[in-house]
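Some notes on the structure that comes next.
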Amino acid sequence: MRQVALITVGAVALFFFVRMLPTGTSLSHMDFRVSGGNSIEFCDPANPQFLPVVNVRSPVTMALQTGAAPVAGATVRLTVTLKTGSGKPIEPVDLVLSHTRLLHFLIIDPTLGDYQHVHPEPTATPGEWTVEFKPRHAGNYRVFADFTPSATGRGLYASADLDVTGGAPVTAEAPADDKRWDFSLVPAAPIRAGVPADLKLSLGNASGGNVPLQPVMGAFAHLVAFDATRSGFAHLHPMEVDLLAPPDAVHPQLNFKVTIPEPGRYVIWAQVNVGGMEIFRPFAFEVGR
């Protein structure tokens, strides 16, 4: 009994010692909470949901600035400022790696026809980040930020809009190597609002042979779903999580789960790495009641 008591006391002392160790961040769990209803919830990766980022209050504010007016077809350099609701800057030390990156930007145009996934890097100014992207269309682009505070260990989100000027949409011919690959994204049953849905992503080589699928951001594929009004998104990862056990080399298939709360039109973008080249493909769905 005396030995058990000593072990218990030692374990308790070790727990409190670890709790007292500095984490590097000056932010706490309470810096990422908002009081009252209609607030954004922390993400549960085991239960992937569509996140209504725009219509709820986030504990984080995000502001975008550009050096020149954004124009379709030209590279845009974004300067991004991230702060807590109380005005504290959010720096790299305040975030943890999520799918190999500290900060993800999911950028989508009004037609849902131009989706880009980029990763801002911090500047020397606390709370300031920078990134470049090239919009294909003119219109009001929406930028969703996806990140995980080290104080909470749970995913959080923010959004901001960016007006892009220009004439007709910029057409971008897909690279020749991109056209080699056949994609399909098929639900196990018609997708219904509020009902968990199973999705299967399949790839094939149009000319036969293997599909050299490689990990991208710590997974063999990513799916991102947007609704017609761009009120939010769902960022999905495959159920096949072991990177040492890749899918079939000739006909790789990956399985996903998602719950979409409202009926309507959705576009789900697939992102994969085939032979060292990242490829994005859209799939449109009607979600029923």
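Values quoted throughout were computed directly from the atomic coordinates according to the rules given, and no laboratory measurement underlies them. Just so you know, these numbers come straight off a predicted model, no measurement behind them. Cβ atoms come from the backbone with ideal geometry, glycine included; neighbour counts cover every protein chain shown.
Sorting the segments 197-204, 236-243 by their mean number of nearby beta carbons within 10 angstrom, highest to lowest, gives 197-204, 236-243. A Förster radius of 35 Å, combined with the Cβ-Cβ distance separating Thr100 from Ala193, puts the computed FRET efficiency at roughly 0.60. If I take R0 = 35 Å and measure r between the Cβ atoms of Ala228 and Ala206 in this structure, what FRET efficiency does the formula 1/(1 + (r/R0)^6) give, to the nearest 0.05? That pair, Ala228 with Ala206, gives E of 0.70.
Give me the number: length gained by fully extending Ala63 to Arg289, i.e. 0.36 nm times residue separation minus the C-alpha to C-alpha distance, one decimal in nm. The span from Ala63 to Arg289 would gain 77.8 nm if fully extended. Is the stretch 178-287 rounded, prolate or oblate when judged by the Cα gyration tensor, a ≥ b ≥ c being the square roots of its eigenvalues, rounded requiring a/c under 1.5 and prolate requiring a/b larger than b/c? Prolate is the answer for the stretch 178-287, as a/c is 1.5 or above and a/b outweighs b/c.
Normalised by the number of residues in the stretch 178-287, the average gap of Cα pairs under 8 Å and 6 or more apart makes the relative contact order 31 percent.
Two numbers describe the Cα atoms of the stretch 29-164: Rg and Dmax, which are 14.7, 42 Å.
Using per-residue counts of other Cβ atoms within 10 Å, averaged over each peptide, order 145-152, 251-258, 95-102 from highest down.
On the way: 145-152: 20.2, 251-258: 18.2, 95-102: 16.5.
Per-residue Cβ counts within 10 Å, averaged per peptide and sorted highest first, yield 145-152, 251-258, 95-102.
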